[in-house]
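What follows is a short report on a single structure.
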Amino acid sequence: MLKTATHNTLDETLYVRDKLFIDGEWVSPSDGSLEVSIDPATGQPWAKVAFGGPQDIDKAVAAAKAALNGPWGQMTAMERGVLLRRLADIYQENAGRLAGLESRDSGRAIRESRVDVGFHHQWYRWYASVAETLHGRTIPLDSSVHAFTTQIPVGVVGAITPWNVPLMAAAWKLAPALAAGCTIVLKPAEQTSVTSLELAQLFQDAGFPPGVVNVVPGRGEVAGAALVAHADVSKISFTGEGQTAKTILGAGRDNMKRFSFELGGKAPHIIFADADLEPAMNAATNSAWTLCGQSCALGSRVLVERSIYDEVVEKFVERAARVRVGIPSDPAVHMGPQAHAAQLAKTLSYIDIGLEEGARLVSGGTRLTDGVLADGYFVAPTVFADVSPNMRIAREEIFGPVVALIPFDNEEEAIAIANDSDYGLAAGLWTSDISRAHRVSSRLEAGIVWVNTYRFLRWSTPYGGVKSSGWGRENGLEAIQQYLETKTTVFGTTGQFPDAYKIEEV
Ligand code: NAI
Ligand code: MG
């Protein structure tokens with residue numbers, strides 16, 4: 001999928017991001033390489049990107065540690081807030097350009113990228129404000145002591161992000177971590193590194209001190225593994241696959257690192273017969289195909305009450321036919337390609353699995369190769385009906401535009417099917433019965449439940465999983481706590497301390 005390349009063999013027309021961002025400077029990889037990034041809409045190289053190796057990670061971590069002990073570590077939350085808000089302003093000015101690059105690198109339709117990237121500056125602003133209002137507690141005791149807590153940054157943070165939404169994932173990690181006073185080494189995914197290097201440029205332009213934010217793309221098993229194993233990294237914040245998280249847990253245990261993990265899901269999206277069907281269909285289809293199915297929160301299992309099941313299947317088929325699949329830079333296009341060749345192969349293999357398992361394919365199910373799509377990684381919006389809850393396509397994360405429709409007969413059964421999953425990231429339900437909405441939402445095993453809406457995500461709404469979907473929360477007030485430690489300080493006020501070993505007359 002990624003070919004190793006050198007400067008002189010690469011087409012001069014490629015977009016160039018051939019330097020790493022370490023200690024406030026743009027440097028060539030010391031023991032890494034230059035790689036090409038593939039445009040998933042054409043299958044052709046479109047950019048040339050620097051990948052770091054272990055030595056580069058060492059330098060980045062050393063810079064991050066020095067920054068923590070340098071001027072950054074001395075700054076107040078308000079001083080950090082000035083920088084974060086300046087970054088947010090620059091981000092906002094650059095959002096259109098960043099959206100274009102992210103769309104090109106990841107294949108996300110530009111109409112979606114523009115909306116997504118247009119929001120990110122809010123994370124940096126909001127966490128600046130949150131940090132400014134954080135404070136410790138005084139602990140009432142007797143008058144011989146004065147005890148209080150302060151909240152201190154956890155230290156150097158290794159942020160490891162996935163290829164589906166690189167800039168969003170970076171905002172979710174960097175904004176709270178920096179607001180908390182941590183310093184960062186960001187290791188984006190090998191398939192879509194370009195925009196994380198662009199982000200580094202924005203931090204440089206905003207005037208962050210050297211070493212506060214370092215960006216080192218590279219292979220997971222090389223640069224990622226070096227970051228996880230590094231003794232001076234205090235915390236890893238990771239988004240990706242559960243299996244990778246287990247490897248990271250093992251490799252990062254030596255210095256008792258802190259971890260937060262966002263590991264995807266198989267979200268149930270429940271439509272009761274009493275739901276207002278039009279908005280429910282809008283949400284259910286959008287959360288099947290947005291991002292070409294490559295988001296952890298999508299409602300990839302749609303549970304439908306039997307009395308409206310046939311109608312919902314029919315509406316899914318109708319709407320699948322309306323999805324304009326095409327070159328992502330075209331603003332008329334709804335859905336671009338899968339982000340890379342391995343994901344295309346994974347999705348197609350799950351479509352085969354669904355067919356073998358006996359699910360009823362009612363729409364899509366194929367790679368699209370007509371005309372300009374010929375060499376891209378396009379898949380038709382795909383709908384499987386009559387999926388039973390024990391099928392692999394109902395249990396495993398596919399990460400493609402493939403939705404499983406599952407009928408149910410009553411509320412109890414809907415809840416049982418929804419919760420019968422290793423994952424527990426998100427869930428959604430549609431009903432016009434308010435009592436049912438409360439009853440069901442309270443019993444769904446998920447970190448976030450949407451009622452009569454879906455995939456509403458903001459800086460201030462905590463997001464993360466129960467069960468195998470991960471540890472910790474991103475966004476909201478919870479996220480900043482993941483980058484802070486509580487420190488307790490106790491002062492003696494009497495100027496006295498008893499001698500425990502005094503020989504007393506008995
Ligand atoms: P992955 O977990 O391998 O990659 C995510 C990040 O981890 C990348 O930056 C990668 O370079 C890094 N990484 C990989 N191995 C590492 C290691 N040993 N040490 C440190 N860092 C390492 O995920 P992958 O293979 O790209 O995707 C596989 C599946 O995972 C997808 O099909 C999807 O089902 C799921 N996934 C879920 C995501 C989510 O949003 N929760 C995001 C991406 C993938
Ligand atoms: Mg992997």
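The numbers here are math on the coordinates, done by the rules we state, and not lab data. Since the model is a prediction, treat every value here as computed from it, not as a measurement. Here Cβ is always computed from backbone atoms with ideal geometry, including for glycine, and neighbour counts include all displayed protein chains.
Each of A284, L303, W26 was scored by the projection of its Cα onto the charge dipole of the chain, and the greatest displacement toward the positive side belongs to W26; charges sit on the C-beta of Lys, Arg, Asp and Glu.
Label sites at V16 and T76, each approximated as a point 7 angstrom past Cα along Cα to Cβ, lie 4.4 nm apart. Restricting the calculation to Cα atoms, the chain shows an Rg/Rh of 1.03 when the hydrodynamic-style radius is the Kirkwood one. Relative contact order for segment 293-381: 25 percent, from Cα pairs under 8 Å spaced at least 6 residues apart, divided by residue count. Using the Cβ of F148 as centre and a radius below 10 Å, the other residues enclosed give a net charge of +2, where K and R count +1 and D and E count -1.
Read phi for every residue in segment 258-263 and hand back ³J(HN,Hα) as whole Hz from Karplus 6.51 cos²θ - 1.76 cosθ + 1.60, θ = phi - 60°, with x for Gly and Pro. Computed from phi, the couplings for segment 258-263 are 8, 9, 10, 10, 10, 10 Hz.
For the pairs K173/K257; K65/K487; K59/K487; K65/K246; K235/K346; K59/K187, flag any whose C-alpha to C-alpha distance is greater than 24 Å.
Values: K173/K257 16 Å; K65/K487 20 Å; K59/K487 29 Å; K65/K246 26 Å; K235/K346 31 Å; K59/K187 13 Å.
Pairs exceeding the cut-off: K59/K487; K65/K246; K235/K346.
List E505, E305 from most exposed to least, where exposure is judged by having the fewest other Cβ atoms within 10 Å. All intermediate terms of the calculation are to be shown ahead of the outcome.
Details: E505 3, E305 22.
Ranked by crowding around the Cβ, least crowded first: E505, E305.
When +1 charges are put on Lys and Arg Cβ atoms and -1 charges on Asp and Glu Cβ atoms, the dipole computed for the chain relative to its Cα centre reaches about 600 debye.
Could you check what % of the DSSP bridge pairs in the chain are antiparallel, to the nearest 5?
On the way: 31 of 71 bridges.
Close to 45 percent.
Mind checking which of A41, P268, M168 is farthest towards the positive end of the chain's charge dipole, using Cβ charges of +1 (Lys, Arg) and -1 (Asp, Glu) about the Cα centre? Going by the Cα projections, it comes out as M168. Subtracting the Cα-Cα distance of D330 and K487 from their residue separation scaled by 0.36 nm leaves 51.3 nm. With a Förster radius of 45 Å applied to the C-beta separation of D386 and R253, the computed FRET efficiency comes to 0.50.
With only Lys, Arg, Asp and Glu charged, each at its Cβ (+1 for the first two, -1 for the last two), find how big the charge dipole of segment 124-222 is about the Cα centre; round to the nearest 20 debye. Don't jump to the answer; show the numbers that get you there.
Working: 5 positive and 6 negative charges, 17 e Å.
Roughly 80 debye for segment 124-222.
Close amide H pairs (under 5 Å, H built 1.01 Å from N) link E485 with I152, V154, residues at least 5 positions away or on another chain. Measuring nothing but how far apart in sequence close Cα pairs (under 8 Å, 6+ apart) lie, relative to its length, segment 268-451 scores a relative contact order of 28 percent.
Work out the length of the dipole vector of segment 268-451 about its Cα centre, built from +1 on the beta-carbon of each Lys and Arg and -1 on the beta-carbon of each Asp and Glu, and round it to the nearest 20 debye. All intermediate terms of the calculation are to be shown ahead of the outcome.
Details: 14 positive and 25 negative charges, 93 e Å.
Dipole size: approximately 440 debye.
Give me S260, S469, S106 sorted ascending by neighbouring Cβ count inside 10 Å, so fewest comes first. Numbers along the way, then the final one.
Working: S260 21, S469 27, S106 30.
Ascending number of Cβ neighbours within 10 Å: S260, S469, S106.
S30 to V466: extension gain in nm, 0.36 nm per residue of separation minus the Cα-Cα distance? Intermediate values should be presented prior to the final figure.
Working: separation 436, 0.36 × 436 = 156.96 nm, distance 4.00 nm.
Separation in residues times 0.36 nm, less the Cα-Cα distance, equals 153.0 nm.
Counting every other Cβ atom within 10 Å of each residue's Cβ, E278, E318 order from fewest to most as E278, E318.
Taking label points 7 Å from Cα along the Cα-to-Cβ direction, R322 and L134 give a separation of 4.5 nm. With the convex hull of its Cα atoms as the shape, segment 268-451 has an orientation-averaged projected area of 9.9 nm². Relative intensity of segment 354-506 on a log10 scale, I(q)/I(0) at q = 0.21 Å⁻¹, equals -1.35, per a Debye sum over C-alpha point scatterers of equal strength in the absence of solvent.
What translational diffusion coefficient, in µm²/s and rounded to a whole number, does the Stokes-Einstein relation yield for segment 18-151 at 4 °C and a viscosity of 1.567 mPa s, taking the hydrodynamic radius as the Kirkwood radius over Cα pairs?
Details: Rh = 18.6 Å.
Calculated translational D: 70 µm²/s.
Normalising by residue count, segment 465-505 has a Cα convex hull of 167 Å³ per residue.
Here I503 and N69 are evaluated by their C-beta separation; at R0 = 45 Å the FRET efficiency comes out at 0.45. I need the shape label for segment 76-203. Rule: rounded when a/c is under 1.5, else prolate if a/b > b/c, else oblate, with a, b, c from the alpha carbon gyration tensor. Prolate is the answer for segment 76-203, as a/c is 1.5 or above and a/b outweighs b/c. The antiparallel fraction among DSSP beta bridges confined to segment 268-451 stands at about 15%. Farthest toward the positive end of the dipole of the chain, out of I248, G218, L405, is the Cα of G218, where the dipole comes from beta carbon charges about the Cα centre. Translational diffusion coefficient of segment 435-506 (Stokes-Einstein, Kirkwood radius from Cα pairs, 20 °C, 1.002 mPa s): 125 µm²/s. You can think of it this way: the chain between V372 and I434 has 17.5 nm of extra reach, that is 0.36 nm per residue less the Cα-Cα gap.
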